[in-house]
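Bear in mind these aren't lab numbers, they're just calculated from the coordinates by the rules spelled out. Please read all numbers here as calculations on a predicted model, not as lab measurements. Backbone-built Cβ (ideal geometry, glycine too); neighbour counts: all protein chains shown.
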There are 2 protein chains.
Amino acid sequence: MSNSTFPEIAQALREHQSFIIMSHVRPDGDAIGSQLAIGHALEQLGKTVYYVNEDGLPDNLAFLPHSENLIQPKGEVLDVEVAIALDCATKPRLGDNALKAASKAKLWINMDHHISNPEYGDLNYIDSTSPATGQILYNFITSEGFPLSDVTRDAIYVAVSTDTGSFQYGSTTAETYEMAADLMRRGLKVGQINAKTYDSHPYRRVELLRRLLNTLQLSEDGRLADWQLVYSTQIALGLKPEDSEGLIDMIRAVDGVEVAVFYEELKDGMIRVSMRSKNKEINVCDVAKVFGGGGHAMAAGIRTDGTIESVRDAVSAELRDRLDANS
Amino acid sequence: MSNSTFPEIAQALREHQSFIIMSHVRPDGDAIGSQLAIGHALEQLGKTVYYVNEDGLPDNLAFLPHSENLIQPKGEVLDVEVAIALDCATKPRLGDNALKAASKAKLWINMDHHISNPEYGDLNYIDSTSPATGQILYNFITSEGFPLSDVTRDAIYVAVSTDTGSFQYGSTTAETYEMAADLMRRGLKVGQINAKTYDSHPYRRVELLRRLLNTLQLSEDGRLADWQLVYSTQIALGLKPEDSEGLIDMIRAVDGVEVAVFYEELKDGMIRVSMRSKNKEINVCDVAKVFGGGGHAMAAGIRTDGTIESVRDAVSAELRDRLDANS
């Protein structure tokens, strides 16, 4: 690891005038929040900023002030000096159109909290001890004296709150809470912003949950739980990708369940499998690899041919072998 | 308001030797957490402490260290000098058996964050600006130099976390976050304790949610949503009171819904109605009063004769009048 320093990055930002700010495809709160946080700080300094995300702005983050400036690239090339990649573990995960939009940039800055980030920028700042890229940017902005506007304040809070499961995950640090306290002292309306972040979803998400629960299957020993979603239901409900986000936690959290699996039929007929493990001895990444997938030990995925039933039979058998070997 | 001071309460605690510590019936995280927090501090000082709750310890809080010492009173009278009531807005809400257990106490201390608390103690400390009684106790313990053991630390965190919806509600203050940071610096294992608090529930809770969702009705204009639970389902699933806690938030959070209502058939055949409003102009306490119930403007309840259908018809009509008058 050979990180650039905050002062080096700050100098590069101050010396240039035009920026494209990007994050990963299928953006979450830390992706969009980080983009808005540093982007608005640069705008306050009179810089030209393009906020670009391959997949555009998810509906559930459209409440963020200034998010209306985020554009979904369609193949155009932007005339910018500097590309900033945030919260994006690999360069390809920025997306093809976003990469094309950034292709004129002569300097790449890469700031992230994913340990696997290969430092694909000219200047890199990777801190895997930080629970969110938003928290790295908070430290950067406050220590380097960049403007912390209301837009930046709210964006940082949402970035960190969403990436820590509302300050719950083990990645949360004492500094995370101190940051939240500081943002409140800077005027953050904590009840309002959390209501918009967590307490608001379209009816179709509730209907989706109902349909998923009606397919829930729990193994006889209670250690394996799964549910499924056929493509026709996605069409019937007009589902968007973010609608199913986090729902699997509901079955993962059931006492006794060690592995929770979500089987989803995609538009192209492929089956997507999302697996979550609660047992460190059951490595779902290993199971995913059997089917050409990948991920992490506790959260992994597969994309494969077949029907939901045939894929479920095969994946369940692999999981059952591992569960039985660990009983 | 004529609060006693922290030093006055601290002196009373130091001067006495035996304590009964109580909280409200149907206890939640702030109730049990507050009991354990101050109780263990007193035990560390060599005092005799009885932890008493009318309804005993809910399963979902049994992970709290030291909670196994909490007893459910059965009519006995305890030989104690001091009674401490925590997080309990009125004295009767301590419960008849708890009050009997405390009947020998010659000094009553009442600490709470409910604005309506009528100061029924000999020494009272009511701070309605605090999001949780646990946060008041944290301030008390740290400012008065009482021991802050690991038991007290974890209990305070859970008390405040649960009463703020994991640091989300508008009642959360900058001091709340600073407290959490301090508890982490004192060794709190933030990931573990939150997993136990939020990421663990019995299968019957998921099955309950499925059944509730299958009764969900949304009004044509999308402003009123309700679901219902018959008593036979409660028996079939072996439900406990805490199993339904917070589930109504799922329908309250639907975009466009202004009032969410839960109709529940009780063991005695009565119908309990829980109403949640998101619109400040729709005062559900006023609606509850029509049926002999009460509560707050945004959260109110009714307990009445009838069938779920007849009660639902009557309550829906009252709500519809108010919704139509505010459209």
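Quick look at the numbers
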read-out	value
Other copies of B:D96: label-to-label distances in nm, shortest first, labels 7 Å along the beta-carbon direction	7.4
Acute angle (nearest 10 degrees) that the helix A:174-185 long axis makes with the longest principal axis of chain A, alpha-carbon atoms	60
Geometric extent, Cα atoms of segment B:112-193 - Rg, Dmax (angstrom)	12.8, 40
Amide H contacts of B:G170 (H built 1.01 Å from N, under 5 Å, at least 5 apart or other chain)	A:G191
Full-stretch length increase - A:T48, A:E175 - with 0.36 nm per residue and alpha-carbon distance subtracted	42.6 nm
Number of partner chain Cβ atoms within 10 Å, mean per residue of A:156-169	3
Label geometry 7 Å along the beta-carbon vector: A:F6 inter-copy distances in nm	3.1
Approximate shape of the protein assembly as shown as ellipsoid semi-axes (Cα gyration tensor, √5λ), whole Å, largest first	43, 32, 25
Ordering of A:281-287, B:268-274 by burial proxy (mean other Cβ atoms within 10 Å per residue, highest first)	A:281-287, B:268-274
Whole-Hz couplings from phi, Karplus 6.51/-1.76/1.60, listed for segment B:108-124; x for Gly and Pro	10, 10, 10, 10, 6, 10, 7, 4, 7, 4, x, 6, 7, x, 6, 10, 10
Per-residue average of Cβ from other chains inside 10 Å of B:199-211	5
A:A297-B:S200 FRET efficiency (beta carbon distance; Förster radius 25 Å; 0.05 resolution)	0.80
Neighbour-limited loop hits for GluC sites (Glu not before Pro), segment B:1-82 (at most 16 other Cβ within 10 Å; DSSP other than H, G, I, E, B)	B:E76
Max mean-square fluctuation residue, GNM over chain A, Cα-Cα springs under 10 Å, options A:D112, A:D255, A:D59	A:D255
Prolate/oblate/rounded call for segment B:1-114, Cα gyration tensor, a/c under 1.5 rounded	rounded
Among B:M179, B:M111, B:M22: highest mean-square fluctuation, GNM of chain B, C-alpha pairs under 10 Å	B:M179
Segment B:6-198, relative contact order [Cα under 8 Å, separation at least 6], %	23
Share, in percent, of DSSP beta bridges within the protein assembly as shown that are antiparallel, nearest 5	40
Estimated distance in nm for a label pair at A:Q72 and A:T304, the labels positioned 7 Å out from Cα along Cα-to-Cβ	3.1
222 nm mean residue ellipticity, helices alone, for the protein assembly as shown (DSSP H n ≥ 4; -39,500 (n - 2.57); rounded to 500)	-11500 deg cm²/dmol
For A:K289, inter-copy label distances in nm, listed shortest first [label point 7 Å out on the Cα-Cβ vector]	6.7
Shielding by partners, peptide A:250-261 (average Cβ within 10 angstrom, other chains)	3
Unsatisfied cross-links (Cα-Cα over 30 Å) in the set B:K91/B:K289; A:K240/A:K289; B:K74/B:K240; B:K189/B:K278; A:K74/A:K240; A:K289/B:K240	B:K189/B:K278; A:K289/B:K240
Simple label model, 7 Å out from Cα along Cβ direction - A:I235 to A:S128, nm	4.3
Hydrodynamic radius of segment B:6-198 per Kirkwood, over alpha carbon pairs, in Å	16.2
Chain B: angle of helix B:308-325 to the longest principal axis, Cα-based, in degrees nearest 10	90
Hydrodynamic radius of chain A per Kirkwood, over alpha carbon pairs, in Å	21.0
Sorted largest first, extent of segment B:131-256 alpha carbons per principal axis (Å)	55, 34, 22
Choice from A:T90, A:T133, A:T233 showing the highest fluctuation, given a GNM over chain A with Cα pairs closer than 10 Å	A:T233
When segment A:198-293 is reduced to its Cα atoms, the Kirkwood hydrodynamic radius in Å	14.2
